[in-house]
Amino acid sequence: DWLNIESFNLVQLADETADMLHLTFQRMIRVHTGKQDVLLNGDKDKIRQLLVILLDNAIKYSKDAIDITLSVNKGIVRLSVSDKGIGIPEDEMPNLFERFYRVDGARSRATGGAGLGLSIAKRIVDLHEGKIDVFSKPEQGTTISVALPQKK
Ligand code: ATP
């Protein structure tokens, strides 16, 4: 299919991606993991793109530090990106992964964007036969949580 599968260390990829975005946007991005290595069989470039999309949103819709958490258990790799930003209203949740969908015209115009990021993120997760979930509270923040099979 459309994937270029290799085995790589997700901790290293997350560190590199966080460093790159830190340099560009001067925002603190912390990577939390109990392990030195979280090995994943997947398409490394697409997983990097997934991280960039989630981090870019967290940067756009919050002002404070951003947390990436990585873990692996029973062959499932979990990756989440959390911010303490404006959050997403409950009734908007079902639409977030649609192409060109953006929450509330006014607040979206202030940040810019096409509304493609999360639809691409979902596509990448689907191609890896994983799951993506959103947890969010207005004014408190957002966590996007991804679960991927370790061996595709
Ligand atoms: P782009 O195409 O540049 O990513 P976008 O950020 O508008 O533009 P999506 O990434 O698809 O598009 O996100 C869809 C909508 O979900 C956004 O417009 C925004 O309202 C909301 N959203 C996504 N991530 C967050 C977040 N971390 N905090 C608050 N709202 C978010």
### Message
Within a 10 angstrom radius of the beta carbon, how do H22, H32 rank from fewest other beta carbons to most?
### Response
H32, H22
### the chain: angle of helix 44-60 to the longest principal axis, Cα-based, in degrees nearest 10
30
### Query
If each residue's Cβ is checked for other Cβ atoms within 10 Å, how do R27, R102 rank with the fewest at the top?
R27, R102
### Query
If you build a Gaussian network model of the chain, linking Cα atoms that sit under 10 Å apart, which residue out of G117, G42, G75 swings the most?
G75
### Query
Of K46, K152, how do they rank once you tally other Cβ atoms within 10 Å and put the fewest first?
K152, K46
### Message
Beyond a 27 Å Cα-Cα separation, which of these cross-linked pairs lie in this structure: K63/K152; K122/K151; K122/K152?
### Response
K63/K152
### Task
Please label the shape of the stretch 9-48 as rounded, prolate or oblate, based on the square roots a ≥ b ≥ c of the eigenvalues of the alpha-carbon gyration tensor (a/c under 1.5 means rounded; beyond that, a/b larger than b/c means prolate, else oblate).
oblate
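Every number here is computed from the coordinates shown, using simple stated rules; none is lab data. This structure is a prediction, so every number in the text was calculated from the model and none was measured. Every residue, glycine among them, receives a Cβ derived from its backbone with ideal geometry; neighbour counts consider all protein chains shown.
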